[in-house]
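Remarks on the structure that follows.
The values are calculated or read from the model by the stated rules, or taken from the named source; none is laboratory data. No experiment lies behind these values; they were computed from the predicted model shown. Ideal geometry is used to build each Cβ from the backbone, glycine not excepted, and the neighbour counts take in all protein chains shown. Just the protein is used for accessible areas: all its heavy atoms, side chains included, with ligands, DNA and RNA removed. Shrake-Rupley method; radii C 1.70, N 1.55, O 1.52, S 1.80 Å.
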Amino acid sequence: MVSKPDPKGTPRAASRRDFLKTGLMGGAAIAAGAGAAKAGGDPLITEIQDWNRYLGEGVDAAPYGTPSEFEAHVVRRNVPWLTADPVSSINFTPLHELDGIITPNGLCFERHHGGTAIINPADHRLMINGLVDTPLVFTMEDLKRFPRENRAYFLECAANGGMEWKGAQLNGCQFTHGMIHCVVYTGVPLRYLLEEAGVKTNGKWLLAEGADASAMTRSIPMEKALDDCLVAFKMNGEALRAEQGYPLRLCVPGWEGNMWVKWLRRLEVGDQPWHQREETSKYTDLLAEGKARRHTWVMDVKSVITNPSPQAPVTHGKGPLVISGLAWSGGGTIKRVDVSIDGGRNWREARIDGPSLPKALHRFYLDINWDGSDLLLQSRAIDDQGLVQPSKDQLRAARGGNSIYHNNGIQTWHVNTDGVVENVEVS
């Protein structure tokens, strides 16, 4: 439990009027308020620097572009003690270093059950069998002759935030919420392939199987398979990365990431679910009375403040402060995000900026003037179905404290007077 600060000491949000008043004071005053140095006294402005003086590398120095050397810290990271072996493990997207809604391909989190499969696309095949009129086998070239679509979707591991069920554990939004990414997938709607094979009338379920060493398999209801699932071969315009399922993966929009089978090799049509390991002993929700909920596929409405956060402290001191974060819902689009700076006592509507697409990430901002007092930052998302992100106490009241998966409870960050940020829980 963390005590909440006296509301009298809580900084107020910056209004449009505040910023207009500041603007009338002139550009120099604004810069000074934001901590900018005067040009006349800064040698980085007044003196010639090496990058002004010497020629740089030519156009072929890096045939595949790489980030600046000064961004070398922006990488996926793992928590070694979470799993026994890295071939069946997880690493995390550095959410605190990103902005907008699209995740760069090289920063999309990894989740493997048998390590990364390395497959020559010329040797890869996708088979459709089971309750179909015509069993089929497709090469990659065959698949690329079908009409294709481009869709921006988030992919979230069902265990994202799982360590936080019993209280604040991991100090960084990369580790509490970083099992998520959002990219533009290019591929063939799954329904086109199923129509080509001809699903029999008693074909109600689909088993998706991967070609990796774990032979990952998941059962998917036929209604979902025929709705918006995509068999994808590109992400953000280029081929899938090996760790993201190259050369072919399944996209199951809005549903838990374990169902997005990578290195997709087989689709079997059946009349009932297969009850595989990943949908019985794993990826089910253990309730307080000891029973487990099954087939809880949808990723519920959720959000997190990415800045400030434990890995992104406030370093500039008092004054203008941009609070930023991400919100998403497996049920559709985000209608509104509220932000609290006093641990949930008061809420202000944040500004959602950029594309607002179904089953994709949404970027939100709240601009405040920070007076240097303690903050307890929270965000609460509401989707277009009217579903509201719950507090952790509300979530535990409904499902108990035994779960690992589908934790969409409100996250709290404590910002102290020095700008240091810590993961805490406010009930």
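A compact table of results
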read-out: Test: residue in the range 222-233 that is open to solvent by 20 Å² or more (accessible area, probe 1.4 Å) and closer than 14 Å to residue 126 by Cβ; value: no
read-out: Positions within the range 74-93 being in a helix (DSSP H, G or I) and surrounded by 10 or more Cβ atoms within 10 Å (Cβ to Cβ), in sequence order; value: 82, 86, 87, 88
read-out: The range 289-324, residues that are open to solvent by 70 Å² or more (accessible area, probe 1.4 Å), in contact (Cβ under 8 Å) with a residue 24 or more places away in the chain and not in a strand (DSSP E or B); value: 289, 315, 316, 318
read-out: Matching residues in the range 19-73 - criterion: being open to solvent by less than 100 Å² (accessible area, probe 1.4 Å), part of a loop (DSSP other than H, G, I, E, B) and either modelled with pLDDT under 90 or touching a Leu at 6+ places or on another chain (Cβ under 7 Å) (or both); value: 26, 34, 35, 36, 37, 42
read-out: Residues being crowded, with 21+ Cβ neighbours inside 10 Å and part of a helix (DSSP H, G or I) - total across the range 195-218; value: 1
read-out: Among (1) more than 28 Å from residue 103 (Cβ to Cβ); (2) among the hydroxyl-bearing types (Ser, Thr, Tyr); (3) assigned to a helix (DSSP H, G or I), the one test that residue 176 misses; value: (1)
read-out: Every pair of residues 6+ apart whose Cβ atoms lie under 8 Å, when the first sits in the range 228-240 and is not assigned by TED's automatic domain parsing to the domain that holds residue 140 while the second is buried (at least 23 other Cβ atoms within 10 Å of the Cβ) and at pLDDT below 95; value: none
read-out: Pairs where the first residue, in the range 139-163, is on the phi > 0 side of the Ramachandran plot and the second is surrounded by fewer than 21 Cβ atoms within 10 Å (Cβ to Cβ) and not in a helix (DSSP H, G or I), C-beta under 8 Å, 6+ apart; value: 161/409
read-out: Residue match in the range 294-317 (condition: under 27 Å from residue 387 (Cβ atoms), among the basic types (Lys, Arg) and touching a Ser or Thr at 6+ places or on another chain (Cβ under 6 Å)); value: yes
